[in-house]
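K.L.:
This structure is in structure tokens; I'll ask about it shortly.
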Amino acid sequence: MTSVVNPATEATIAEVPVQGVEEADAAVARSLDAGPAWRAVVPADRARLLRRFAAQVEEHGEELAQLETANVGKPIGESRDEVGMVAEVIYFYAGAVDKHRGATVPVAGGVDMTFHEPLGVVAAIVPWNFPMAITSWKIGPALATGNTIVVKPAEITPLTALRLAELALDAGIPEGVFQVVVGRGSVAGTRLVEHPDVAKVAFTGSTEVGRKVMARASGTIKRVTLELGGKSASIVFADADLERAAAATPGGVFANAGQDCCARSRVLVERSVFDRYATLLADAVGAWTVGDPTDPATKMGPLVTAGHRRVVASFLAAGIGDPAGGPVPTHTVGAVPAGPGFWFPPTVVAPAGAEWRMAREEIFGPVVAVIPFDDEEDAVRLANDTPYGLSGSIWTRDGARALRMARAVQAGNLSVNSNSSVRVQTSFGGMKQSGFGRELGLEALASYSGIKNVFVSTEG
Ligand code: NAD
């Protein structure tokens, strides 16, 4: 057994088993067994079961939100929003069950048609930053398209995935269709990735682990989708509504204490308005309250573990952030509570150098590097000067420039005059080393099904 800890109090809130290869194998065997019957459920009934599951999530919404907040340390308001998203995701894919149609193709000598076939057993590997929401992004399209699924949550945040699996059973989704294996990535995760009966791995996590997953999945030519890390930029032009851009910045980088793959941990600001923007940002950070995540007024909770807090702090160590060896020029540092909890203050570094480690690596904490740029070309160069390509924002009042920038920045999800990256109805995923494959939207259905083509001769 292993202890699950509340990052805001450091108290143990649950003990969960550490499952290994044997349990992963047993789950895959049950998943494989459950497949044919699940696939045979007629579409309207499969949709009905998914809707009942979504209704169970809504009915137990407050319980799930409290559980997520206790396990991850995220503010209760965010957890409630995420529960709302989980239900919406499942409703969305319930609605897609009988709309994911094949085609008839004009060909010579007969009739040609396509079918979207389920892949079989899907293994979903999920990170600790949005355990419940990201689980739903995978179970929704996987189950709608007739697959069965084994979810492996991160070892430190398994509680909501376990509860979701119980709620699915209560909703009438048959045993074995959606299971959870709680165990280490290097053991249970590796086994799922290499298991010959797993048809597809839907992985969300770091680029480093994603690389291993992709290599190991090659042994059995598994389908893989990878949602990996990011180093997204928010680009603020001098012609933007600066007040609005600055007021939105904390939400774009400090939400979930910066532990967000879409965190805009680089803000590129046109040099002529740099100082004014930095002053406005300092005011916005002052209003960004850090504290008890169960208080609905709290904007930011603690980091997830003490170890992760050490990693985040390393980006600010003198001589590490600034290669010249001097102290990092923190422009604004917010306040944090005293006492237990893995607190880290919202921190603005301005001006930061584009070559500093904090401007190049994913920090996954509440630290933002504010970097000046000279013109549009310079902004594009800086934004794209990263191996990642997940997300980003463009702040300008010039519509043509907004479109030019949106086409030039290499990222899978961009927003103009907004930091919103994720919606149930629209596809989400990365370019470059942020991964490939798309989650959410109707696009996700393609990643959970294979096209079969059938030609029927009409010749006598
Ligand atoms: P991680 O890569 O350490 O772990 C992710 C999951 O993979 C966990 O369940 C872990 O147990 C498992 N795992 C670890 N080693 C494994 C292995 N060898 N084989 C199989 N599974 C293994 O990531 P994390 O620290 O949990 O999450 C943070 C990372 O996730 C960040 O890089 C973040 O950007 C990324 N992320 C990406 C998205 C996205 O949609 N692009 C969303 C959220 C988080």
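The values are calculated or read from the model by the stated rules, or taken from the named source; none is laboratory data. Since the structure is predicted, the reported quantities are computational estimates derived from the model, not experimental observations. FYI the Cβ positions are ideal-geometry reconstructions off the backbone, even for glycines, and counts take in every protein chain you see. Surface accessibility is based on the protein's heavy atoms, side chains included, excluding ligands, DNA and RNA. Shrake-Rupley method; radii C 1.70, N 1.55, O 1.52, S 1.80 Å.
K.L.:
Of the listed peptides 199-205, 4-10, 420-426, what is their order by residue-averaged count of other C-beta atoms within 10 Å, with the highest listed first? Show your work: numbers first, answer last.
P.N.:
On the way: 199-205: 25.4, 4-10: 20.3, 420-426: 15.9.
Those peptides, ordered most packed to least, come out 199-205, 4-10, 420-426.
K.L.:
Relative to the longest principal Cα axis of the chain, at what angle does helix 274-286 sit, 0 to 90 degrees, rounded to 10?
P.N.:
70 degrees
K.L.:
Relative to the present Cα-Cα distance, how much length would full extension add between A297 and D33 at 0.36 nm per residue of separation? The partial results should precede the final answer.
P.N.:
Values: separation 264, 0.36 × 264 = 95.04 nm, distance 4.72 nm.
Stretched fully, the A297-D33 segment lengthens by 90.3 nm.
K.L.:
For segment 163-175, in order, what is each residue's ³J(HN,Hα) by Karplus, 6.51 cos²θ - 1.76 cosθ + 1.60 with θ = phi - 60°, in whole Hz (x at glycine and Pro)?
P.N.:
5, 4, 5, 5, 5, 5, 5, 4, 7, x, 5, x, 3
K.L.:
Let me ask something else about it. As a test of understanding, state the convex hull volume per residue of segment 356-460 from its alpha carbons, in Å³.
P.N.:
On the way: hull volume 18.4 nm³, N = 105.
Residue-normalised Cα hull volume stands at 175 Å³.
K.L.:
Ignoring any ligand, DNA or RNA, what whole percent of the accessible area of segment 137-223 comes from carbon and sulfur when the probe is 1.4 angstrom? Walk me through the numbers before you get to the answer.
P.N.:
Details: 1580 of 2930 Å².
Accessible surface attributable to carbon and sulfur in segment 137-223 totals 54 percent.
K.L.:
What's the angle, to the nearest 10 degrees (0 to 90), between helix 21-40's Cα axis and the longest principal axis of the chain?
P.N.:
The helix 21-40 is inclined about 60 degrees to the chain.
K.L.:
Would you please give the FRET efficiency between V311 and D374, computed as 1/(1 + (r/R0)^6) with r the Cβ-Cβ distance and R0 = 30 Å, to the nearest 0.05? Show your work: numbers first, answer last.
P.N.:
Numbers: r = 33 Å, r/R0 = 1.09.
Taking R0 as 30 Å, the efficiency between V311 and D374 is 0.40.
K.L.:
Within segment 58-119, what whole-number % of the accessible surface is contributed by carbon and sulfur, with the 1.4 Å probe and all protein chains included in the calculation? Each step should come with its number before you reach the end.
P.N.:
Working: 1570 of 2780 Å².
Reported share for carbon and sulfur atoms: 56 percent.
K.L.:
Which GluC sites (Glu not before Pro) in segment 306-387 sit in a loop by DSSP (not H, G, I, E or B) and have at most 11 other Cβ atoms within 10 Å of their own Cβ?
P.N.:
Working: sites: E355, E361, E362, E376, E377; in loops: E355, E361, E362.
The qualifying sites are E355.
K.L.:
Between D385 and A247, what's the calculated FRET efficiency when r is the beta-carbon distance and R0 is 30 Å? Round to 0.05. Can you show the working numbers first?
P.N.:
On the way: r = 27 Å, r/R0 = 0.90.
Approximately 0.65, to the nearest 0.05.
K.L.:
For the pairs K138/K200; K138/K222; K74/K231; K152/K212; K138/K231; K212/K452, note any where the Cα-Cα span goes beyond 19 Å.
P.N.:
Long pairs (Cα-Cα over 19 Å): K74/K231; K138/K231; K212/K452.
K.L.:
Cβ under 14 Å from D45's Cβ, D45 left aside: what net charge do those residues give with Lys, Arg +1 and Asp, Glu -1?
P.N.:
Residues near D45 contribute +4 overall.
K.L.:
May I pose another question? Using every alpha carbon pair in the chain, what percent of pairs falls into each 10 Å bin from 0 up to the bin containing the largest distance?
P.N.:
Percent of Cα pairs in each bin: 4, 20, 29, 25, 14, 6, 1, 0, 0.
K.L.:
Largest first, how would F178, F455 line up by accessible area (1.4 Å probe)?
P.N.:
Values: F178 15, F455 105 Å².
The residues order as F455, F178, largest area first.
K.L.:
Sticking with this one: What ³J(HN,Hα) values, in whole Hz, does the Karplus curve 6.51 cos²θ - 1.76 cosθ + 1.60 give for segment 403-409 when θ = phi - 60°, with x put for Gly and Pro?
P.N.:
Per residue, the Karplus-derived 3J(HN,Hα) values read 6, 4, 5, 4, 7, 7, 7 Hz.
K.L.:
By how many nm would the segment from R271 to D239 grow when fully extended, if each residue of separation counts as 0.36 nm and the alpha-carbon distance is taken off? List each step's numbers first, then the result.
P.N.:
Working: separation 32, 0.36 × 32 = 11.52 nm, distance 1.18 nm.
Here the answer is 10.3 nm.
K.L.:
Further, regarding this structure: Can you tell me the accessible area per residue over segment 233-416, all protein chains present, probe 1.4 angstrom, in square angstrom? If you can, show how the numbers build up before the last one.
P.N.:
Values: 7010 Å² over 184 residues.
Accessible surface, normalised per residue, equals 38 Å².
K.L.:
Between helix 43-59 and the chain, what is the angle of the helix's C-alpha long axis to the longest principal axis, kept within 0 to 90° and rounded to the nearest 10?
P.N.:
Helix 43-59 sits roughly 40 degrees off the main axis of the chain.
K.L.:
I need the phi-derived Karplus couplings for segment 297-312: 6.51 cos²θ - 1.76 cosθ + 1.60, θ = phi - 60°, integer Hz, Gly and Pro marked x.
P.N.:
These are the phi-based 3J(HN,Hα) values: 7, 5, 9, 9, x, x, 6, 6, 8, 5, x, 5, 4, 5, 5, 4 Hz.
K.L.:
Would you pull out the residues with amide H under 5 Å of F178's amide H, same chain only if 5 or more places away, H placed 1.01 Å from N?
P.N.:
I149
K.L.:
Can you tell me the order of 285-291, 16-22, 159-165, 144-150 when each peptide is scored by its average per-residue count of other Cβ atoms within 10 angstrom, highest first? Mind dumping the intermediate values first?
P.N.:
Numbers: 285-291: 17.7, 16-22: 14.6, 159-165: 21.7, 144-150: 26.1.
Ranking the peptides 285-291, 16-22, 159-165, 144-150 by packing returns 144-150, 159-165, 285-291, 16-22.
K.L.:
Can you compute the modelled spin-label distance between E22 and D197, with each label point 7 Å from Cα toward Cβ, in nm?
P.N.:
Inter-label distance under the simple model: 1.7 nm.
K.L.:
Which value, in debye to the nearest 20, describes the size of the charge dipole of segment 184-319 about its Cα centre when Lys and Arg Cβ atoms bear +1, Asp and Glu Cβ atoms bear -1, and nothing else is charged? Each step should come with its number before you reach the end.
P.N.:
On the way: 17 positive and 13 negative charges, 166 e Å.
With only Lys, Arg, Asp and Glu charged at Cβ, the dipole is about 800 debye.
K.L.:
Here's a follow-up. Give me, ordered by chain and number, the residues 5 or more places off V269 or on other chains with an amide H under 5 Å from its own placed amide H.
P.N.:
Amide H neighbours of V269, under 5 Å, 5+ apart: V236, I371, F373.
K.L.:
Once both labels are modelled 7 Å past Cα along the beta-carbon direction, what's the D283-R423 spacing in nm?
P.N.:
3.0 nm
K.L.:
Roughly to the nearest percent, how much of the accessible area of segment 233-416 is carbon and sulfur, given a 1.4 Å probe? Walk me through the numbers on the way to the answer.
P.N.:
Working: 3830 of 7010 Å².
Roughly 55 percent of what the probe reaches on segment 233-416 is carbon or sulfur.
K.L.:
Here's something else I'd like to know. Could you please put E439, E208, E117 in sequence from largest to smallest accessible area, using a 1.4 Å probe? Present the calculation step by step, with values, prior to reporting the outcome.
P.N.:
Numbers: E439 10, E208 125, E117 60 Å².
Final ranking, largest accessible area leading: E208, E117, E439.
K.L.:
Here is a further query. Which of the peptides 32-41, 97-106, 274-283 is most tightly packed, and how do the rest follow, going by the mean number of other Cβ atoms within 10 Å of each residue?
P.N.:
Result, highest mean Cβ count within 10 Å first: 274-283, 32-41, 97-106.
K.L.:
Which of the aspartates and glutamates could a cross-linker bridge to K299, judged by Cα under 18 Å and excluding same-chain residues fewer than eight apart?
P.N.:
Leaving aside aspartates and glutamates fewer than 8 places away in the same chain, those within reach of K299 are E68, E78, D81, E82, D260, D283.
K.L.:
Can I ask one more? Helix-derived [θ] at 222 nm for the chain: sum -39500 (n - 2.57) over DSSP H runs of at least 4, divide by residue count, nearest 500? Let's see the in-between values first.
P.N.:
Working: 14 runs with 169 residues, N = 460.
Computed mean residue ellipticity for the chain: -11500 deg cm²/dmol.
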